[in-house]
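In what follows, a structure is listed as structure tokens, so that the remarks can point back to it.
The values are calculated or read from the model by the stated rules, or taken from the named source; none is laboratory data. As the structure is a computational prediction, the values presented were derived from the model and not from experiment. Here the Cβ positions follow ideal geometry from the backbone for every residue, glycine too, while neighbour counts run over all protein chains shown.
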Amino acid sequence: MMSSEEMELMVDSRRLPVGWNIKYLDELCENLDSKRIPITKSSRKSGNIPYYGASGIVDYVADYIFNEDLLLVSEDGANLLARTYPIAFSITGKTWVNNHAHVLRFKEKITQSFIEYYLNSISLESYVSGMAQPKLNQKSLNSIAIPIPPLPEQKRIVAIADEAFEGIDRAIRNTEKNLSNARELFESYLNSKLLPIVSSNLTQTLSSVTDLIVDCEHKTAPTQETGIPSIRTPNIGKGYLIFDNVNRVSEEIYELWTRRAKPEPGDLILAREAPAGNVGVIPEGYKVCLGQRTVLIRPNKKSVDSQYLAFLLLHPLMQKRLLAKSTGATVQHVNMKDIRELAINELPPIQTQRDCIEDLKQLESQSNRLESIYRQKIAALKELKQSILQKAFTGELTADKGEK
């Protein structure tokens, strides 16, 4: 076991303020993991009692195993590293907890709140085992060193954090609403712009305005760290492709997987499964492979603008037609016959299509600019939260500035 001096260095490069100590988590609370009981979904009796898992409530059941104030800490899952959601969260009253969250009981509620803030402020990477299936086991959880001040100082720090976080979280919610409104404004304008077309007579099929509609290979391509992007359904957005975290394949796999047709800039890639109906256009300068559960659509470029066709297929009325015959109990799946025979309306001349797209691009540019501003503001607000926590747990918010 490391010395107290070594533990100090793990928490902060300076000595702690007067009255502060460093303790392991298991010195501050009682672990109730042995009392957890997982219930399979088919065995759960529906009710109004929260049933908790690694990241919060996953269901509501008829019975409970706890009835007190407790702190839950994620035991497994990608969120331990991604930190999209808090990994520590308080629960109270009648609850049921499965075996994916550690259950901690504290003598003092204020200490529970202090530890909750602390665990959500630090990286757990050094405590987590497994990258494919991240896990924070009980031994690792207990080994987390906590800088703990006297109870009155805990109360002061929690009060400061509560007040600050209430305002910051409210600002984040409002900014997220503005972000959503910016995107909805563009989509609303887009849909209204195309409404006269999608509401006109159905005179043709998708096949009749395209040169090619090709299905993907029905198997998983071997991937590698570098190479040609392999577009799967998660990489297909609303009119565009998403290259963040895209899988990549070798030149040999690319040749094999595209033997029926090599995707070209201006081609559309449509998702056959979740998110079924999404469609994106391959941008200029990009060489991509057709991944699983996707369809390559090549518009007749003499009469159809690629981006116009993509937006047309994304219109709610077109999506309703496209997904009307989709199958699958849990995951929607669109078959190739329905894609090829999708009824579409008479299209305007290609120059009219291009004029429409130019108009839409101007509005989209403004929308994207607003979205960028809102995302930067959200990021700044989240950084402010981390800054407040960092100051709290290094003693910078303490009333006594002396050192041990």
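Of the residues making up the stretch 76-108, those that are at pLDDT 95 or above and of a type in the set (Ser, Thr, Tyr) number 3. As a summary of the residue check, Arg354 satisfies the conditions (1) outside the structural domain of Val249 (by TED's automatic domain parsing); (2) at pLDDT below 90 except for the one numbered (2).
Conditions tested, residue by residue: (1) of a type in the set (D, E, K, R); (2) surrounded by fewer than 16 Cβ atoms within 10 Å (Cβ to Cβ).
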position	(1), (2)
Leu206	no, no
Thr210	no, no
Asn247	no, no
Pro265	no, yes
Arg272	yes, no
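When Glu187 is tested against the conditions (1) of a type outside the set (A, V, I, L, M); (2) surrounded by 14 or more Cβ atoms within 10 Å (Cβ to Cβ); (3) at pLDDT 85 or above, the lone failure is (3).
State the number of residues belonging to the stretch 368-379 that are modelled with pLDDT of 80 or more and surrounded by 13 or more Cβ atoms within 10 Å (Cβ to Cβ).
So in the stretch 368-379, the residues modelled with pLDDT of 80 or more come out as 369-379.
Cutting the leftovers down to surrounded by 13 or more Cβ atoms within 10 Å (Cβ to Cβ) gives us 370-371, 373-375, 377-378.
The qualifying residues number 7.
A residue that is part of a strand (DSSP E or B) and of a type in the set (Lys, Arg) cannot be found anywhere in the stretch 169-191.
Scanning the stretch 219-275 for residues that are part of a strand (DSSP E or B) and farther than 20 Å from Gln319 by Cβ yields Gln224, Ile228, Pro229, Ser230, Asn247, Arg248, Val249.
When we screen Ile168, Ile157, Ile115 for residues that are at pLDDT 90 or above and among the β-branched types (Val, Ile, Thr), the only hit is Ile115. In the set (1) at pLDDT 90 or above; (2) under 17 Å from Lys337 (Cα atoms); (3) touching a helix residue (DSSP H, G or I) at 6+ places or on another chain (Cβ under 6 Å), Ile228 fails one condition alone, (2). None of Glu108, Glu153, Glu116 is within 27 Å of the chain's Cα centre (by Cα) and either closer than 23 Å to Leu16 by Cα or not assigned by TED's automatic domain parsing to the domain that holds Asp63 (or both) except Glu116. For the stretch 132-153, the set of residues classified as over 13 Å from Val73 (Cα atoms) and touching a residue at least 24 places away in the same chain (Cβ under 8 Å) consists of Gln133, Pro134, Ser143, Ala145, Ile146, Pro147, Ile148, Pro149, Pro150, Leu151, Glu153, listed by residue number.
Let's see how each residue does on (1) assigned to a loop (DSSP other than H, G, I, E, B); (2) without any contact (Cβ under 8 Å) to a residue 12 or more places away in the chain; (3) in contact with a Leu (Cβ under 8 Å, 6 or more places away or on another chain):
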| site | (1), (2), (3) |
| --- | --- |
| Ala310 | no, no, yes |
| Gln319 | no, no, yes |
| Gln362 | no, yes, no |
| Ser372 | no, yes, no |
| Ala392 | no, no, no |
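Can you confirm whether Asp267 is acidic (Asp, Glu) and modelled with pLDDT of 95 or more? Before you say what the answer is, go through the steps one by one.
Values: acidic (Asp, Glu): yes; modelled with pLDDT of 95 or more: yes.
Yes: the conditions hold for Asp267.
Tallying residues that are under 17 Å from Pro299 (Cα atoms), exposed (fewer than 14 other Cβ atoms within 10 Å of the Cβ) and among the β-branched types (Val, Ile, Thr) within the stretch 314-361 yields 1.
If a residue has to be buried (at least 18 other Cβ atoms within 10 Å of the Cβ) and assigned to a loop (DSSP other than H, G, I, E, B) to count, how many in the stretch 276-289 make the cut?
First, pick out the residues of the stretch 276-289 that are buried (at least 18 other Cβ atoms within 10 Å of the Cβ): 276-282, 288-289.
Going one step further and asking which of them are assigned to a loop (DSSP other than H, G, I, E, B), we end up with 276-278, 282, 288.
The number of residues fulfilling the criteria is 5.
Applying the set (1) under 24 Å from the mean Cα position of the chain (by Cα); (2) of a type in the set (Asp, Glu); (3) modelled with pLDDT of 95 or more to Glu273 leaves exactly one unmet item: (3).
Among the conditions (1) assigned to a helix (DSSP H, G or I); (2) in contact with a Lys or Arg (Cβ under 7 Å, 6 or more places away or on another chain), the only one that Gln292 does not satisfy is (1).
For residues that are over 19 Å from the mean Cα position of the chain (by Cα) and among the charged types (D, E, K, R), scanning just the stretch 357-391, find the one that is farthest from Phe311 (Cα to Cα). Full working, then the answer.
We begin by selecting, within the stretch 357-391, every residue over 19 Å from the mean Cα position of the chain (by Cα); these are 357-370, 373, 384-391.
Within this subset, residues satisfying the condition of being among the charged types (D, E, K, R) are 358-359, 361, 364, 369, 385, 391.
Values: Glu358: 13, Asp359: 13, Lys361: 12, Glu364: 12, Arg369: 20, Lys385: 39, Lys391: 48 Å.
Filtering the stretch 357-391 for residues that are over 19 Å from the mean Cα position of the chain (by Cα) and among the charged types (D, E, K, R), the one farthest from Phe311 (Cα to Cα) comes out as Lys391.
From the set of residues in the stretch 49-106 that are among the charged types (D, E, K, R) and surrounded by fewer than 17 Cβ atoms within 10 Å (Cβ to Cβ), which is nearest to Leu32 (Cα to Cα)? Walk me through it before giving the result.
As a first pass, look at the stretch 49-106 and keep what is among the charged types (D, E, K, R): 59, 63, 68-69, 75-76, 83, 94, 105.
Right, trim to surrounded by fewer than 17 Cβ atoms within 10 Å (Cβ to Cβ) and you get 59, 63, 68-69, 83, 94, 105.
Working: Asp59: 21, Asp63: 18, Glu68: 12, Asp69: 12, Arg83: 24, Lys94: 15, Arg105: 7 Å.
Result: Arg105.
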